[in-house]
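Every number here is computed from the coordinates shown, using simple stated rules; none is lab data. Because the structure is a prediction, the values reported are computed rather than measured. Because the Cβ atoms are built from the backbone with ideal geometry, glycine has one as well, and the counts that use them run over all protein chains shown.
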Amino acid sequence: MEDIEPDNTSAPMEEEPATEPAVKPATKPENGKPVRKWPKSFAVHVESVANTTAAEAAGNVPKKLGESPALLKTFCKHEISLPSDFSETYDFSAPPTQTLGGEQISSGPAKTYKFSLDAFQRESIKCLERRESVLVAAHTSAGKTAIAEYAIAMAFRDKQRVIYTSPIKALSNQKFRELEAEFKDVGLMTGDVTINKNASCLVMTTEILRSMLYRGSEVVREVAWVIFDEVHYMRDKSRGVVWEETIILVPKNVRFVFLSATIPNAREFSEWIAHLKNQPCHTVYTDTRPVPLQHYIFPVGGEGLHLVVDDKGEFRAEAFEQVLSELGSSSGGNGGGRGGRGWKTKRTATGSASTWQV
């Protein structure tokens, strides 16, 4: 990638042309009151193997981050949000800084994988190696946890501490077991139980982290990375304030890893982080769904599961009719009667529509 000035709205990367994102310009003060300056953003389209040689594609060259084979190309969109007062020339292709706190650090990958990484995973890991925050938006089971594990491995490699937060205790317990099996030096804090609270990696609920920030815990001052799993909980009317307060209270020297499958305003969220923490924040997301999504219905009293929507999103009318037939049989012949289960026809100004009443 060529050097990119902060006021540019497009940037070439590898072999793909850049898109033209809408950049919110800084506005002038009105009535003597300062108006918020929005961060600048630009986007690039990333392919997993844009410049892979034949030897690399054949597997003859070691791959630092497990790049995808040439016949398994994956794609993602990578947006970079910079603070409004960011005055440096930003070059994402430049190698990450090899010093941390004035000390030389290892330039090798913190973790290797036995499988090939998709484009969104490789782009996210590049952001982590640059010591910059990243929001990863990908479908469920796409492999977002692999990015979180790399951030934890980086913290261990650089002798730092990392916090992994989740919205519920059950998920925290699950992640603790998984991470403890791989990294060993892992602790758990959920309010109900505390295990190895002095560990380098602490798994906890978001409410616990907020309480630690309220108390000015010494642990928070030693943390370099905070991972927020299921960060879309911030949209919850009753609990969302927990995520908002926690992110605001975390020290500005801390970097974030946000993971979500359903966040609708990913870029706006990253711009808020860039504005709030005065640091670049990356948004990496992909529409690829590696695990097929299928919809089944199990009618009570029926003969088993029925696939009604396949992995291509096509509705199977025959299977749905079979489900309705089994539901009608299990209702004891009440289908279609007044107030009972069955097809109902509703006439409208544009015609009539049939619906199934349970």
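If a spin label sat at a point 7 angstrom from the Cα of L276 along the line to its beta carbon, the backbone N atoms of region 177-221 nearer than 16 Å would be those of 206-214.
Annotation: amide H of S133 within the under-5 Å range of F256, H282, sequence separation 5 or more or interchain, hydrogens built in the peptide plane.
Could you tell me whether region 205-245 comes out rounded, prolate or oblate from its Cα gyration tensor? Rule is a ≥ b ≥ c as square roots of the eigenvalues, rounded for a/c under 1.5, then prolate if a/b exceeds b/c, otherwise oblate. Note, shape of region 205-245 comes out oblate. Between the beta carbons of V193 and S325, assuming R0 = 41 Å, the FRET efficiency works out to 0.25 to the nearest 0.05.
Using the Cβ of F320 as centre and a radius below 13 Å, the other residues enclosed give a net charge of -4, where K and R count +1 and D and E count -1. Relative to a virtual label point 7 Å from the Cα of E245 in the Cα→beta-carbon direction, which members of region 185-219 show backbone nitrogen distances below 12 Å? Label zone hits: 207-215. How charged is the neighbourhood of V134? Take every other residue with its Cβ under 10 Å from the Cβ of V134, and add Lys/Arg as +1 and Asp/Glu as -1. After counting each charged neighbour, the total is +1.
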